Structures are given as structure tokens and as C-alpha cells.
Amino acid sequence: CMNYMLPVSYAWGNFSVLAVGIWAIVQRDSLDAITMFLTGLLLTVLTDIIHISIFYPSHDFSDAKRFSIGMAIFSLLLKPVSCYLVYRMYRERGGE
């Protein structure tokens, strides 16, 4: 996605949330880790919508660009499911 369609900030935001997610999985008793992961996921939903809407190509649809934007949209569609599952983990760890 970085080379074809979306800016580097898209990748940095999603990779940062991925790193916090790994931290939240490793630290099973930490409520702060899961809270940061859920907040990061919700924030990346908003930033992904902004990135896709700004950088969506109006012309020049090569196969690589089409695949890149398709995967970005697919990732965006799966994030609400991820948010729900992370919220359930938050509740299991004692969050209110």
C-alpha cells in the first residue's frame, strides 16, 4: 500500500496499532494495554476513512493500485469486528 496508493502515514498508523495490539495480547492482565489498543483501533478507523477518501485515484487504475485500495477497504471493513472483539476482551479484563 505504501508504494502504490496510500501515504506512509497510513502504514505507520496501522503498524503502530498492531504493535500495541501485540503488547495487549502479551500483557493479559493489563487494562491499560487493551484500552490503548481499542482507542488506537477506533482512531485508525477514522484516519483510514480520511486516507482512502483523499488518496482514492480518480483515474489510472493499474492492477497494483486496484489491489492496494481493495486491501485498504477490506481492512477498514474488518476493523469494526476487531473493535467489538477487543471491547469484549476489555470487559473480560474488568473494564467498565
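Is it fair to say residue 48 is at pLDDT 90 or above, surrounded by 13 or more Cβ atoms within 10 Å (Cβ to Cβ) and either of a type in the set (D, E, K, R) or on the phi > 0 side of the Ramachandran plot (or both)? Spelling it out, residue 48 is indeed at pLDDT 90 or above, surrounded by 13 or more Cβ atoms within 10 Å (Cβ to Cβ) and either of a type in the set (D, E, K, R) or on the phi > 0 side of the Ramachandran plot (or both).
Of the residues making up region 1-45, those that are of a type outside the set (A, V, I, L, M, F, W, C), open to solvent by 70 Å² or more (accessible area, probe 1.4 Å) and farther than 30 Å from residue 61 by Cβ are 27, 28, 29, 32, 39. For region 47-70, the set of residues classified as among the polar types (S, T, N, Q), out of contact with any helix residue (DSSP H, G or I) (no Cβ under 8 Å at 6 or more places or on another chain), without any contact (Cβ under 8 Å) to a residue 60 or more places away in the chain and under 17 Å from residue 9 (Cβ atoms) consists of 53 only.
The requirement of being out of contact with any Pro (no Cβ under 7 Å at 6 or more places or on another chain), part of a helix (DSSP H, G or I) and surrounded by 15 or more Cβ atoms within 10 Å (Cβ to Cβ) is fulfilled nowhere in region 56-65; no residue meets it. Selection within region 71-96: residues that are in contact (Cβ under 8 Å) with a residue 40 or more places away in the chain and hydroxyl-bearing (Ser, Thr, Tyr). The member of this set that is farthest from residue 5 (Cα to Cα) is 90.
Residues of region 71-96 that are in contact with a helix residue (DSSP H, G or I) (Cβ under 8 Å, 6 or more places away or on another chain) and assigned to a helix (DSSP H, G or I): 72, 73, 75, 76, 79, 80, 82, 83, 86, 87, 89, 90.
Out of all the residues in region 66-96, which are hydroxyl-bearing (Ser, Thr, Tyr), within 17 Å of residue 25 (Cβ to Cβ) and buried (at least 16 other Cβ atoms within 10 Å of the Cβ)? Write out each step before concluding.
As a first pass, look at region 66-96 and keep what is hydroxyl-bearing (Ser, Thr, Tyr): 68, 75, 82, 84, 87, 90.
Cutting the leftovers down to within 17 Å of residue 25 (Cβ to Cβ) gives us 82, 84, 87, 90.
Listed by number, the residues that qualify are 82, 90.
The values are calculated or read from the model by the stated rules, or taken from the named source; none is laboratory data. It should be emphasised that the depicted structure is a prediction, and the values quoted were computed from it without experimental measurement. As a convention, Cβ positions derive from the backbone with ideal geometry for all residues, glycine included, and neighbour counts pool all protein chains shown. Heavy atoms of the whole protein, side chains included, go into the accessibility calculation; ligands, DNA and RNA do not. Shrake-Rupley method; radii C 1.70, N 1.55, O 1.52, S 1.80 Å.
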